[in-house]
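Structure first, commentary second.
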Amino acid sequence: MARPNPLVAIMEADLPSITYQRRKLFRPTDADVLYAYKMINRNIFDNQLRRPVLELRQTHKCWAYCAWHETHQYNGSYCCIRLNKNWFCQHWFINTLAHEMVHQHQWDIYRWQHIDEYGTLPYNNSGGHGPTFFEWRDRFAYYGLTLKTSFGQKRWFRHQDFSKC
């Protein structure tokens, strides 16, 4: 019997209680972030991405963001992914990290593959929530993830389902 995919296993695992989630008790360590990044990169992005700087910090008004740099970093990526320290649950964390990795793919890989004949980059379509972002939707669904521009927290607590929030 084949070993279950670890990404699918996490997304299919039971959610913690809503009381636990409201307290934001899932607090990943740097090792957890690195493991999740490698797992998502291997399964969804076929190891195309170079690991950017991954930072756990207290973010305001967002769960995470992928910051763009004009020059590539020491690791070859043009991005830095900053993640909140406290999460509702591991499912929310994995889904959000995968979302930010799509932005990294747009900036580190897609934009260099689509330089036009004049040598200019398609900045207007390479880093936002447009067609290049949503082309990953089916691949996310295969692994039990949901790709959206954002998730509503109130609807999450009502439905406990990423597709409904």
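Selection over the range 39-67 of residues that are assigned to a strand (DSSP E or B), under 25 Å from residue 135 (Cβ atoms) and touching a Cys at 6+ places or on another chain (Cβ under 6 Å) gives a count of 2. Taken over the range 108-165, the criterion of being surrounded by 14 or more Cβ atoms within 10 Å (Cβ to Cβ), among the small types (Gly, Ala, Ser) and either under 23 Å from residue 73 (Cβ atoms) or at pLDDT below 90 (or both) is satisfied by 126, 127. Number of residues in the range 68-91 that are within 12 Å of the chain's Cα centre (by Cα) and in a helix (DSSP H, G or I) equals 1. In the range 53-80, the residues that are in contact (Cβ under 8 Å) with a residue 12 or more places away in the chain reach residues that are surrounded by fewer than 13 Cβ atoms within 10 Å (Cβ to Cβ) and not in a loop (DSSP other than H, G, I, E, B) with C-beta atoms within less than 7 angstrom, at least six apart or across chains, in these pairs: 56/30. Within the range 12-28, the set of residues being in contact with a Leu (Cβ under 8 Å, 6 or more places away or on another chain) and either exposed (fewer than 14 other Cβ atoms within 10 Å of the Cβ) or part of a helix (DSSP H, G or I) (or both) comprises 21 only. Restricting attention to the range 1-11, which residues are in a loop (DSSP other than H, G, I, E, B) and either closer than 30 Å to residue 50 by Cβ or of a type in the set (S, T, N, Q) (or both)? Across the range 1-11, the qualifying residues are 2, 3, 4, 5.
The values are calculated or read from the model by the stated rules, or taken from the named source; none is laboratory data. This one's a predicted model, so the numbers in the text were calculated from it and none came from an experiment. Cβ atoms come from the backbone with ideal geometry, glycine included; neighbour counts cover every protein chain shown.
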